[in-house]
Every structure is written in structure tokens, then in C-alpha cells.
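Report on the following structure.
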Amino acid sequence: MEKIVIPALDEDRAQEVRRGWQTVNKFGKDLGKLEEMVVQYAAMTGAELPQKLRSAMVLMCGDHGIAKYGVSAYPQEVTRQMINGYMRETAGATVLARHARADVYVCDVGTAFDLSDLDRVYHKKVAWGTNDFTQGPAMSREQAEAALQVGIEMADMCIDKGYNLLYTGEMGIGNTTSTAAIASAFMGLDPLLTVGRGSGINDERMKIKRQVVIDGLAQNKPVEGDAMDVLCKVGGYDHAGLAGVIIGAARRRVPTMVDGVNATAAALLAYGLYPESRDYMLCSHLSSDISHKKMLEIMRLTPIVDAGMRLGEGTGASLAIVVLQAALDVYNTLSR
């Protein structure tokens, strides 16, 4: 995969917007985080602030070989069922995306199902799901690079269409198990500190899920802090695709609103591969999954919303985009 160059933030533009807020708020920081969000957006884009956000959710779908162990409350077939729901626009993710006035692009980067009958899906399948990482690496380096490239291409496509904000969504039964393994491997944490209940599993499944992560780490011995090694050994194609989206958008000075725990694991991989990509991330919300806060801390990202959500699929990011648009509306109106 070719080396990506990510530009520095435009600090001059950021200072201009800070001065604008000082003019608006005579008593200083009246709007708290909303002000800083607008400053960050200006620094990322280096351009005049838009009147309206034009947002695209890039929803990456991939299946996980470890799903067969019963680590989720749902069978793997639900991956296809949910994708079908996205196409009908009846899933919670698409309802909230409509509320945020965002368009949704669903990409099959590695599901275990034939989705050729769904013509609105972007068919970019690298493999039919990952390998069982308790028995060896989840994917080869070539497959990981191909999935990253899919994400970069999806980001380019959306930006070429005129979108000025991308956000992350994902679907794949078993992905919170892979996320926990990514978090443990990258940050050197005990699985007790990263394995959460994901889809709302009971205590019995929780024991299985934790053991799967323990076994996967023991089998593969991923190198702490080495994003590519971690991705290949315990990651998912959904994670790789989203990491590519973040990197591809950062290359073109377009911010990405990062969703919940799975998307944040993808962001952590993007950060590990290209630390500068962190400068182009906005954190949408704080997931109730236990590893989320730890991943945000290492990237120094602050959530906009804390609503106890754990659904993923871009739902928290849809809410945060509404907040960001409100902040832009205030600045654009009052600064005039």
C-alpha cells in the first residue's frame, strides 16, 4: 500500500475562529465544547466554515471467524439481516442518519454472505469473513492492506461527491470480540479490562467471549502498539475498512466523526498506522462498552455525547453531527 501523506492542521484558521468566538461571547466560553468543535473543524478543513454540513456515513460490513463460538447474543446470519435493513432504511442507524440529514453508503468489505442481490451495497469483498483468530491470524497482511485500501477508496468517492464530513458505521456479528482483542493487544491491557457485553450477552457467553480473546492473544502474540500486526492477527475487515476511511479522509483534510467502540478500535488502528490521522477525528459519543474510554484516552479524544449507548452502526455519530451543525449555525449567525 502506498505511503499516505496527511497534512498538518491549519492553526491560523483555528485562531481566526477562536477570535470569532471571543467576539460573540463577551464573557468567554459560554458554549463550552460547542466552541471547540467549530475551532477543530476549521483547523481540519483549513477553509471557510460551511453553512450546512454535508455528511456521509460509510458503513463497513465484515464477519468474524470467532462468531462460531457464541460470543454474541445473535447468530452470524444477523449480519446479512441488518444489511438488508439498511437497504430498506428500517434500521436504527438509517433512521438516525435521516435525522442527521446524512447519506448512508454500505460497503461489504468482508462479510460471510453473498450480497450480490443487494444492488445498493458497494461490493468490495476482500474475503468471506476473517479466519478464527484463536487458531492463527485473522487475515494476511495482503488482505489487511486490501481492506484498508477499500476504505481509502470509499472516502475518496464520498469526498469527490462533495461531502465535507464523513462518519463511521460498522456491522458484523462478533466484532466487539475482535475490538476487545485489538484494544488489549494495542494497549497491552488484560482482557478483563477490555471485554464487554457487546450485544448484551449473559454471564455464560461473557466467559466464552473473554476466553476467546485470551486464546487469540496467546496464539498470535500481537506486538503491542504495532497497528498492522494487531490488525492482521486479531482485527476484522470492518475495522480495516473504517481505518482506511479515516486515513483517506485525513489525507484530504476532511474530518471523520468516529462512532462507538468498534469504530474507535478502527480509529486506534488508523492512529497507530498514521498518528497524524488523529488530528482529523471527532469523537461522537462515549460507549458503555468498557474498552471505549481507554481507547479514547490514548488518542486524547473527548466525546460530544454521553447517552449510555452501545449499538454502534453510526448511531451515536448521527446524534453528534446534529450537535456539530447546531454549533456551526450559532457561529455562522452570530459572528456576522
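In the same structural domain as ALA67 (by TED's automatic domain parsing) and at pLDDT 95 or above: is that true of GLU153 in this structure? Lay out the reasoning, then the answer.
Details: in the same structural domain as ALA67 (by TED's automatic domain parsing): yes; at pLDDT 95 or above: yes.
In short, yes.
Would you check which residues across the range 286-305 are of a type outside the set (Asp, Glu), without any contact (Cβ under 8 Å) to a residue 40 or more places away in the chain and surrounded by fewer than 24 Cβ atoms within 10 Å (Cβ to Cβ) and list them?
LEU286, LYS293, LEU296, MET299, ARG300, PRO303, VAL305
Going through the range 62-83 one residue at a time, which ones are over 15 Å from THR176 (Cα atoms) and crowded, with 16+ Cβ neighbours inside 10 Å?
Keep residues of the range 62-83 that are over 15 Å from THR176 (Cα atoms), which gives 77, 80-83.
Residues satisfying the conditions are ARG80, MET82, ILE83.
For residues that are modelled with pLDDT under 95 and in contact with a helix residue (DSSP H, G or I) (Cβ under 7 Å, 6 or more places away or on another chain), scanning just the range 112-134, find the one that is farthest from TYR163 (Cα to Cα).
Here the answer is LEU118.
Would you check if ARG210 is among the charged types (D, E, K, R), at pLDDT below 95 and surrounded by 15 or more Cβ atoms within 10 Å (Cβ to Cβ)?
So ARG210 fails the test.
Quick check: anything in the range 24-43 polar (S, T, N, Q), over 30 Å from LEU118 (Cα atoms), surrounded by 13 or more Cβ atoms within 10 Å (Cβ to Cβ) and within 21 Å of the chain's Cα centre (by Cα)? Outline the logic, then answer.
Step one: list which residues in the range 24-43 are polar (S, T, N, Q), which gives 25, 40.
Narrowing further to those that are over 30 Å from LEU118 (Cα atoms): 25, 40.
Now drop any that are not surrounded by 13 or more Cβ atoms within 10 Å (Cβ to Cβ), which leaves 25, 40.
Add one more test, that the residue is within 21 Å of the chain's Cα centre (by Cα), and what stays is 40.
For the range 24-43, residues polar (S, T, N, Q), over 30 Å from LEU118 (Cα atoms), surrounded by 13 or more Cβ atoms within 10 Å (Cβ to Cβ) and within 21 Å of the chain's Cα centre (by Cα): present.
Does TYR105 count as assigned to a strand (DSSP E or B) and not β-branched (Val, Ile, Thr)?
Details: assigned to a strand (DSSP E or B): yes; not β-branched (Val, Ile, Thr): yes.
Yes: the conditions hold for TYR105.
Residues to consider are LEU242, LEU269, LEU231, LEU282; find the one that is in contact with a Pro (Cβ under 8 Å, 6 or more places away or on another chain), closer than 28 Å to ASP156 by Cβ and modelled with pLDDT of 95 or more. Working first, answer last.
Working: LEU242 fails: in contact with a Pro (Cβ under 8 Å, 6 or more places away or on another chain); LEU269 fails: in contact with a Pro (Cβ under 8 Å, 6 or more places away or on another chain); LEU231 fails: in contact with a Pro (Cβ under 8 Å, 6 or more places away or on another chain).
From the options LEU242, LEU269, LEU231, LEU282, the qualifying one is LEU282.
Tally up the residues in the range 1-53 that are closer than 30 Å to GLU145 by Cα, assigned to a loop (DSSP other than H, G, I, E, B) and out of contact with any Gly (no Cβ under 6 Å at 6 or more places or on another chain), please.
Looking only at the range 1-53, we keep the residues that are closer than 30 Å to GLU145 by Cα, and these are 1-10, 40-41, 43-46.
Those left that are additionally assigned to a loop (DSSP other than H, G, I, E, B): 1-10, 46.
Among the residues that remain, those that are also out of contact with any Gly (no Cβ under 6 Å at 6 or more places or on another chain) are: 1-9, 46.
Qualifying residue count, the range 1-53: 10.
Listed here are the residues, each with its yes/no results for (1) in the same structural domain as LYS207 (by TED's automatic domain parsing); (2) modelled with pLDDT of 90 or more.
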position: ASP30; (1), (2): no, no
position: GLU36; (1), (2): no, yes
position: GLN40; (1), (2): no, yes
position: GLY70; (1), (2): yes, yes
position: ASN84; (1), (2): yes, yes
position: ARG98; (1), (2): yes, yes
position: GLY110; (1), (2): yes, yes
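Taking ALA249 as the residue in question, decide whether it is touching a Leu at 6+ places or on another chain (Cβ under 6 Å), at pLDDT 95 or above, buried (at least 24 other Cβ atoms within 10 Å of the Cβ) and not aromatic (Phe, Trp, Tyr).
Yes; evaluated as a whole, the condition is true for this residue.
What number of residues within the range 249-263 are of a type outside the set (A, V, I, L, M) and within 18 Å of ILE6 (Cα to Cα)?
To start, the set of residues in the range 249-263 that are of a type outside the set (A, V, I, L, M) comprises 251-253, 255-256, 259-260, 262.
From what's left, within 18 Å of ILE6 (Cα to Cα): 251-253, 255-256.
Residues meeting the conditions: 5.
When residues of the range 156-189 are filtered for being part of a loop (DSSP other than H, G, I, E, B) and either free of Cβ contacts under 8 Å to residues at least 40 places away in the same chain or not assigned by TED's automatic domain parsing to the domain that holds GLY314 (or both), how many remain? Explain how you work it out, then say what you get.
Start the filter on the range 156-189 by keeping residues that are part of a loop (DSSP other than H, G, I, E, B), which leaves 161-164, 172-174, 188-189.
Restricting the remaining residues to those that are either free of Cβ contacts under 8 Å to residues at least 40 places away in the same chain or not assigned by TED's automatic domain parsing to the domain that holds GLY314 (or both) gives 188.
Residues in the range 156-189 being part of a loop (DSSP other than H, G, I, E, B) and either free of Cβ contacts under 8 Å to residues at least 40 places away in the same chain or not assigned by TED's automatic domain parsing to the domain that holds GLY314 (or both): 1 in total.
Can you name every residue in the range 285-323 that is of a type in the set (Ser, Thr, Tyr) and either closer than 18 Å to TYR271 by Cα or modelled with pLDDT of 90 or more (or both)? First the steps, then the outcome.
Applying the first criterion (of a type in the set (Ser, Thr, Tyr)) to the range 285-323 yields 287-288, 291, 302, 315, 318.
The answer is SER291, THR302, SER318.
Looking at the range 204-225 only, could you name the residues that are touching a Phe, Trp or Tyr at 6+ places or on another chain (Cβ under 9 Å), part of a loop (DSSP other than H, G, I, E, B) and either of a type in the set (A, V, I, L, M, F, W, C) or at positive phi (or both)?
Answer for the range 204-225, where residues must be touching a Phe, Trp or Tyr at 6+ places or on another chain (Cβ under 9 Å), part of a loop (DSSP other than H, G, I, E, B) and either of a type in the set (A, V, I, L, M, F, W, C) or at positive phi (or both): just GLY225.
Of all residues in the range 292-329, count the ones that are farther than 18 Å from MET171 by Cα and of a type outside the set (Val, Ile, Thr). Walk me through it before giving the result.
Kept after step one, since they are farther than 18 Å from MET171 by Cα, are these residues of the range 292-329: 293-308, 319-329.
Add one more test, that the residue is of a type outside the set (Val, Ile, Thr), and what stays is 293-297, 299-301, 303, 306-308, 319-320, 324-329.
Counting residues in the range 292-329 that are farther than 18 Å from MET171 by Cα and of a type outside the set (Val, Ile, Thr) gives 20.
Filter the range 54-76 for residues that are closer than 26 Å to ASP156 by Cα and not in a loop (DSSP other than H, G, I, E, B) and give the result. Working first, answer last.
Step one: list which residues in the range 54-76 are closer than 26 Å to ASP156 by Cα, which gives 54-63.
Listed by number, the residues that qualify are SER55, ALA56, MET57, VAL58, LEU59, MET60, CYS61, GLY62.
The values are calculated or read from the model by the stated rules, or taken from the named source; none is laboratory data. Keep in mind that this is a model prediction, so the values were computed, not measured. Note that we place each Cβ from the backbone using ideal geometry, even for glycine, and neighbour counts take in every protein chain shown.
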